[in-house]
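**Q** Dropping the structure in here first, questions after.
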Amino acid sequence: MTYSGQVTVGGPADVHELKDLMITKIAVGPMNNNAYLLRCRATDEQLLIDAANEAETLLGMIGDDGIASVVTTHRHGDHWQALAEVVAATGARTYAGRDDAEGIPVRTDVLVDDGDTIRVGRVELTARHLVGHTPGSIALVYDDPHGHPHVFTGDCLFPGGVGNTHKDPKAFASLIHDVETKIFDVLPDETWVYPGHGNDTSLGAERPQLPEWHARGW
């Protein structure tokens, strides 16, 4: 089946099968958060992005193989409600942006800085520090050697705009700058975008809207 990235709370997961990596997307309530399970096809090691909520749902998706690690994209509570339970059940190593870790009430084993590499089996993800939605938000970039890149943006980039900066002009200026210079300026239009809520998009679909985002200030 073709991956669409369209999932609903209580509905089935959707699986994006790449040559070296399997990406499973599921939505959990009550705030329609996306969680992503990455599985290295060579080693079967797994990594979870955002243990947002519904620990039972996430652990069912993870299955008996467990996870080696879980990455929290940022400190907002809707992205870590299930983190403690998932870590207790799996023993996973925890990752979070250095400047957001103090706001996550589960110990962060690895503090992540811009440009750091996070591995899942033989697959490498590059962390990009995007400031504005929170001080320490991180996106994860998988530069697929067999195709186009894939980027997990948390709440920093969605279809139609960057993340919420709560009408703070400085925060918006910071976030739009980081998203442009670290994502749009260095990745091609074919890059697939997996956001923290809602449907997926691509950089090519969003790039023409950048001037509008600047003009409106959000």
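**Q** Just one of ALA82, ALA51, ALA101, ALA92 is at pLDDT 95 or above, within 15 Å of the chain's Cα centre (by Cα), at negative phi and buried (at least 16 other Cβ atoms within 10 Å of the Cβ); which is it?
**A** After applying the criteria, what remains is ALA51.
**Q** Now, a different point. Tell me which of these ASP109 doesn't satisfy, since it passes every other one: (1) touching a Ser or Thr at 6+ places or on another chain (Cβ under 9 Å); (2) among the acidic types (Asp, Glu); (3) closer than 16 Å to VAL28 by Cβ.
**A** Against the list (1) touching a Ser or Thr at 6+ places or on another chain (Cβ under 9 Å); (2) among the acidic types (Asp, Glu); (3) closer than 16 Å to VAL28 by Cβ, ASP109 comes up short only on (3).
**Q** Also: If you scan region 1-33, which residues turn out to be more than 15 Å from LEU83 (Cβ to Cβ) and in a strand (DSSP E or B)?
**A** ASP14, VAL15, HIS16, GLU17, LEU21, MET22, ILE23, THR24, LYS25, ILE26, ALA27
**Q** Kindly list the number of the only condition in (1) out of contact with any Cys (no Cβ under 8 Å at 6 or more places or on another chain); (2) under 19 Å from ASP100 (Cα atoms) that fails for SER137.
**A** (1)
**Q** State yes or no: is ALA89 part of a helix (DSSP H, G or I) and aliphatic (A, V, I, L, M)? Steps first, please.
**A** Details: part of a helix (DSSP H, G or I): yes; aliphatic (A, V, I, L, M): yes.
Judged against the criteria, ALA89 is a match.
This table checks each residue for (1) over 17 Å from the mean Cα position of the chain (by Cα); (2) closer than 11 Å to VAL123 by Cα; (3) surrounded by fewer than 22 Cβ atoms within 10 Å (Cβ to Cβ).
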residue	(1), (2), (3)
GLY5	no, no, yes
VAL9	yes, no, yes
ALA13	no, no, yes
HIS16	no, no, yes
PRO30	yes, no, yes
ASN34	no, no, no
ARG41	yes, yes, yes
GLN46	no, yes, no
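**Q** Do you know which residues across region 164-178 are touching a strand residue (DSSP E or B) at 6+ places or on another chain (Cβ under 7 Å) and over 14 Å from GLU212 (Cβ atoms)? Lay out the reasoning, then the answer.
**A** Start the filter on region 164-178 by keeping residues that are touching a strand residue (DSSP E or B) at 6+ places or on another chain (Cβ under 7 Å), which leaves 175-176.
The one that is touching a strand residue (DSSP E or B) at 6+ places or on another chain (Cβ under 7 Å) and over 14 Å from GLU212 (Cβ atoms): LEU175.
**Q** Can you tell me which residue within region 69-79, out of those that are crowded, with 19+ Cβ neighbours inside 10 Å and out of contact with any helix residue (DSSP H, G or I) (no Cβ under 7 Å at 6 or more places or on another chain), is nearest to HIS150 (Cα to Cα)?
**A** Kept after step one, since they are crowded, with 19+ Cβ neighbours inside 10 Å, are these residues of region 69-79: 69-76, 79.
If we keep only those that are out of contact with any helix residue (DSSP H, G or I) (no Cβ under 7 Å at 6 or more places or on another chain) too, we end up with 69, 71, 74, 76, 79.
On the way: SER69: 19, VAL71: 16, HIS74: 19, HIS76: 23, HIS79: 20 Å.
So, considering only residues that are crowded, with 19+ Cβ neighbours inside 10 Å and out of contact with any helix residue (DSSP H, G or I) (no Cβ under 7 Å at 6 or more places or on another chain), the one nearest to HIS150 (Cα to Cα) is VAL71.
Residue by residue, here is whether (1) in contact (Cβ under 8 Å) with a residue 60 or more places away in the chain; (2) touching a Pro at 6+ places or on another chain (Cβ under 7 Å) holds:
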| position | (1), (2) |
| --- | --- |
| PRO159 | no, no |
| VAL162 | no, no |
| ASP168 | no, no |
| PHE172 | no, no |
| HIS177 | no, no |
| ILE183 | no, no |
| LEU187 | no, yes |
| VAL193 | no, no |
| GLY196 | yes, no |
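The values are calculated or read from the model by the stated rules, or taken from the named source; none is laboratory data. As the structure is a prediction and not an experimental result, all values here were calculated from the model. Cβ sites come from the backbone with ideal geometry, for glycine too, and all protein chains shown count toward neighbours.
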